[in-house]
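Read the figures in this text as sums done on the coordinates, not as results from a lab. Worth saying up front: this structure is predicted, and the values here are computed from it rather than measured. Please note: Cβ atoms are built from the backbone with ideal geometry, for glycine as well, and neighbour counts cover all protein chains shown.
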Amino acid sequence: MSNSDIFDVAIVGYGPAGQVAAGLLGQRGLKVYVCERLPDVYEIPRAISLDHEIMRVFQQLGVVQAIEPYTEPFTNSEYFGVDGQLIRRMTMVAPPYPQGYTPSVVFTQPPVERALRARVAQLPNVTVELGVEMRGLAQDGQGVSLQIEAQGQLRTVRARYAIACDGGSSGVRTQLGIEMLDLDFDEPWLVVDVLVNAQGLARLPKVSVQYCEPERPCTLVIGPKNHRRWEISILPGEDPKEVATPEHTWKLLSRWLSPEDGQLWRQASYRFHALVARQWRQGRVFLAGDAAHMQPPFLGQGMCQGIRDVGNLSWKLAAVLQGEVGGQHAQALLDSYGAERQAHVRELTSRIKAVGAVICERDPAKARERDARLLQECGGTVRDTPRQDILPRLECGLLSAQPSAARGSLFPQPLLQGQRMDEVAGHGWRLVLAQDVDAPNAALLASPMTVVQLGGQDDPEGVATGWFRRFECVAALVRPDNYVFGIARSAAEVAVLMQEAQAALGGATN
Ligand SMILES: Cc1cc2nc3c(=O)[nH]c(=O)nc-3n(C[C@H](O)[C@H](O)[C@H](O)COP(=O)(O)OP(=O)(O)OC[C@H]3O[C@@H](n4cnc5c(N)ncnc54)[C@H](O)[C@@H]3O)c2cc1C
């Protein structure tokens, strides 16, 4: 790499958010630079679950096959109350799966990260430097200059835009002076990963468990193969460091396992924190992933949120850098990133906190009330409750002005002639029309846009047809990140929707 190279986008940090950003931007043909302090993938898993939206992004990156050996469907989850009685059972939603994948998946993080990096390595326009550190950053009207330290030498890397994917203690965020807003959750927890042997597996529950016990709430997650995770709350007065020693950890695990039953993979105490950056963009620099937000892991959404961030940002940056959107429209498009993602993160974090409040009730009287309420809600007998999709929609940003329950939601991915929609229709703007709805006049499609007209042989599972029925519409304008810009209830409304999108983007919807 020569010092005169100017990249389109520089990415600081090569964790999951940086990897997906590099892949998506690289696939769009942009010249991308990535720097990462560590020499290799971080070998300790943190995230253990992800959802179908993320699998669809992995599909876009072409890594689904490579990661399949390291993923399994999430098991059912059982919740036990104060007296050890079953109070709730959450089960997997039955197929058909709207996004084309099991809605909730457990996975092993290090090999999945390696698969993402292998994909990026196939892109000649992406330069990744490992074992180097970003020391400082400055920006002007034309671009961003990163100070990169490699083997004790400092040099400058220049890019038109930069994304800080440098994790929770983001140096970029600190340097920009961007404050984290406290969303009012801050608790110490011990996280323990165990590779359990056959003897230990025989002793453990076969489903994931929430032990909603006021004296010490904890969670057991059934990971892939023989990987089991415990998240155990640390009590006031306990020293998080002491709790994380192997001796103390085995003491806490003794209810389930003894050291002959498996091998500690890692144990670490964490602050489960809910934080969001006040500002997501400063000039040409964007925050994404843990650099922009942190949330307690009760729904396994931290990494997913980071991947959503870069899924949202990458097509907008590409549209601006490749000249499809210019001037004030370009600025508005780039600003929509932070507006959309911050509101989404705040809403999801409040839902995560609500789930946490059920699990973590420390007051025995209130915990008993909770148990009684949950049992009353199901008529005294715990029934299978399919895990509802509790992910919020986008509520603001680059969306149609016409409100609807579908606007800002993820559009499903039907099978078209036996192939998944994104494989056929690509990852640009897509106008999806229900069966028998006429395609709009070609003049309305002034800029490249893929029209997906559902035919008689399409959507055998009914995921799109059911979606149109549910939202009482005949067409959806779908953004490159698979979120619905808006819907039309008639062929005439399709024209209005198209004009609205083109006006918002200054003519471009490709
Ligand atoms: C116990 C626990 C359980 C979790 N469970 C889940 C789960 O089930 N599902 C889920 O979706 N999420 C989960 N999460 C959250 C998830 O792990 C994180 O949100 C995710 O790893 C963050 O990814 P990231 O790429 O934003 O940051 P990171 O993974 O932190 O990556 C940042 C990278 O930037 C590098 N870096 C930092 N500064 C510099 C610099 N100056 N120069 C160069 N490189 C730099 C770092 O070395 C690092 O590799 C969990 C988290 C914890 C702690």
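Here are a few things to note about the model shown:
- By the beta-carbon count within 10 Å of each Cβ, the least crowded to most crowded order of C378, C473, fewest first, is C378, C473.
- Hydrodynamic analysis of the stretch 318-403 uses the Kirkwood radius over alpha carbon pairs. Inserted into Stokes-Einstein at 4 °C and 1.567 mPa s, it gives a translational diffusion coefficient of 77 µm²/s.
- Using the Stokes-Einstein relation with a Kirkwood hydrodynamic radius computed over Cα pairs, the translational diffusion coefficient of the stretch 415-504 at 4 °C and a viscosity of 1.567 mPa s comes to 99 µm²/s.
- Listed by chain and number, the lysines whose alpha-carbon sits under 20 Å from that of K225, ignoring those within fewer than 8 places in the same chain, are K206.
- Take the convex hull of the alpha carbons in the stretch 114-222; its mean projected area over all directions comes to 12.7 nm².
- Charged side chains reduced to their Cβ positions (Lys and Arg at +1, Asp and Glu at -1) give the stretch 415-504 a dipole of some 140 debye around its Cα centre.
- Extension gain from R469 to R216, taking 0.36 nm per residue of separation minus the Cα-Cα distance: 86.5 nm
- Per residue, the convex hull spanned by the Cα atoms of the stretch 58-130 measures out at 130 cubic angstrom.
- Length available on full extension from E179 to D40: 0.36 nm per residue minus the Cα-Cα distance, which gives 47.1 nm.
- Across the stretch 415-504, C-alpha contacts under 8 Å between residues 6 or more apart give a mean separation that, scaled by the residue count, equals a relative contact order of 31 percent.
- Hydrodynamic radius by Kirkwood, which averages 1/r over all alpha carbon pairs of the chain, in angstrom: 24.3
- Counted as membrane-span-like here are DSSP H helices of the chain whose alpha-carbon atoms extend 24 Å or more along the helix's own axis and whose Kyte-Doolittle mean is -1.0 or above; these are 302-321, 327-359.
- Under Stokes-Einstein, with the Kirkwood radius over Cα pairs as Rh, the value for the stretch 19-153 at 37 °C and 0.692 mPa s is 185 µm²/s.
- Note on the stretch 265-371: Rg/Rh from C-alpha atoms, Kirkwood Rh, equals 1.14.
- Nonlocal amide H pairs with L38, under 5 Å, H built at 1.01 Å: G131
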